[in-house]
1. To the nearest 10 degrees, how steep is helix 288-301 against the longest Cα principal axis of the chain, on a 0 to 90 scale?
2. Treating only the Cβ of Lys, Arg, Asp and Glu as charged (+1, +1, -1, -1), what charge dipole size does region 176-323 show about its Cα centre? Round to the nearest 20 debye.
3. Which one of 41, 89, 27 has its Cα pushed farthest toward the positive end of the charge dipole of region 1-91, where Lys and Arg give +1 and Asp and Glu give -1 at the Cβ?
4. Might you report the magnitude of the Cβ-based charge dipole of the chain about its Cα centre, with Lys and Arg at +1 and Asp and Glu at -1, to the nearest 20 debye?
5. Need one number: nm distance between label points at residue 21 and residue 237, each 7 Å from Cα along Cα→Cβ, rounded to one decimal.
6. If you fit an axis through the alpha-carbon atoms of helix 215-234 and take the longest principal axis of the Cα set of the chain, what angle between them do you get, 0 to 90°, nearest 10?
7. Computed from the mean reciprocal separation of all distinct C-alpha pairs, what Kirkwood hydrodynamic radius does region 7-140 have, in Å?
8. Taking the number of other C-beta atoms within 10 Å as the exposure measure, put 169, 190 in order starting with the fewest.
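Only the coordinates and a few stated rules stand behind these numbers; no lab work does. Small disclaimer: the values here were computed from a predicted structure and weren't measured. With ideal geometry, Cβ positions are generated from the backbone for all residues, glycine too; neighbour counts draw on all protein chains shown.
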Amino acid sequence: SWTTGNVIEEQVEAIRELVGDKRAICGLSGGVDSAVAAALVQKAIGSQLTCVYVDHGLMRKNETEQVEKDFVAATGVQLKVVDAEERFLKALAGVSDPEQKRKIIGREFIRVFEQAQAEIIADEGPEVAFLVQGTLYPDVVESGGGTGTANIKSHHNVGGLPEDLEFKLIEPLRKLFKDEVRMVGQELGLPEEIVQRQPFPGPGLGIRIVGEVTKERLDLLREADAIAREELTAAGLDRDIWQCPVVLLADVRSVGVQGDGRTYGHPIVLRPVSSEDAMTADWSRLPYDVLAKISTRITNEVADVNRVVLDVTSKPPGTIEWE
Ligand code: XMP
């Protein structure tokens, strides 16, 4: 019968045999899937695994530190953190169009990741032959490859690498669903904050600023987002909501009054949603007192924000993210 213990044992053995004395690389995104995949492979081959985390500067407060400290503390994994904030901000300068932002972030991400890979290979020699990915069963089905039982497939020329270097993919979560992945992560000793993490988009806060993405705006949004998350957690609502994007309307200003003066600041949007699979969603009916607390704290504590608004749109017609 299916137990997380069996899955771990089975995968650890298979990965160990497959990798032998070679080496593997795993990209960490901060999300559950890549963290659990990395922890599993780490359990199998220890220091033969190197993880790469690209900090694009679009993460939420303490998120990078969480990967750097908590994940490493829990797994002992070798981690290469690439600080690419400046590069991303430069590439995003002057851009307001959502699709353009997404394309730029995706492109830069791949470039930085490939460069890190190439550096690891240069350092450690061409015996780096495996790339770990946190592909889940629904991902496999969606891309039309659901029947295979093998959890490994060959992959040539993973961008930026020599063409004759064969990279094999290790996808230890290929047969699992999200809740099973969480159970495996828990069994592997990953901290709750990683295992129970709500979805967060790859382009990060870059697509939660309506308008141009700048360092100042990111810092402001990080503060507002941290307050919302803190209060939702304190109210015990994390498991009730699917996720709660916090959005900065950077191109909008409205008049307010604070202390003894007029303000002309930006609105923050709260977008709490409930959902099964993110394909459709409903706006969460959060308790008024929790909303009030979040609103009061954000307008008091975050400079330049004088209004907090609640998004009461389901999906469809709205998407979960604003961009
Ligand atoms: P939407 O906005 O399309 O979002 O209703 C559906 C779910 O997907 C997440 N999302 C992303 N996740 N990369 C990701 O890894 C992305 O580019 C991306 N865009 C949206 C979103 O947070 C929600 O859970």
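1. Here the helix axis deviates by roughly 80 degrees.
2. Numbers: 17 positive and 25 negative charges, 75 e Å.
So the magnitude is around 360 debye.
3. Going by the Cα projections, it comes out as 89.
4. Details: 36 positive and 53 negative charges, 131 e Å.
My answer is approximately 640 debye.
5. 5.7 nm
6. 90 degrees
7. Details: mean 1/r = 0.0630 Å⁻¹.
After inverting the pairwise mean of 1/r, the radius is 15.9 Å.
8. Working: 169 17, 190 23.
With the sparsest Cβ surroundings first, the list reads 169, 190.
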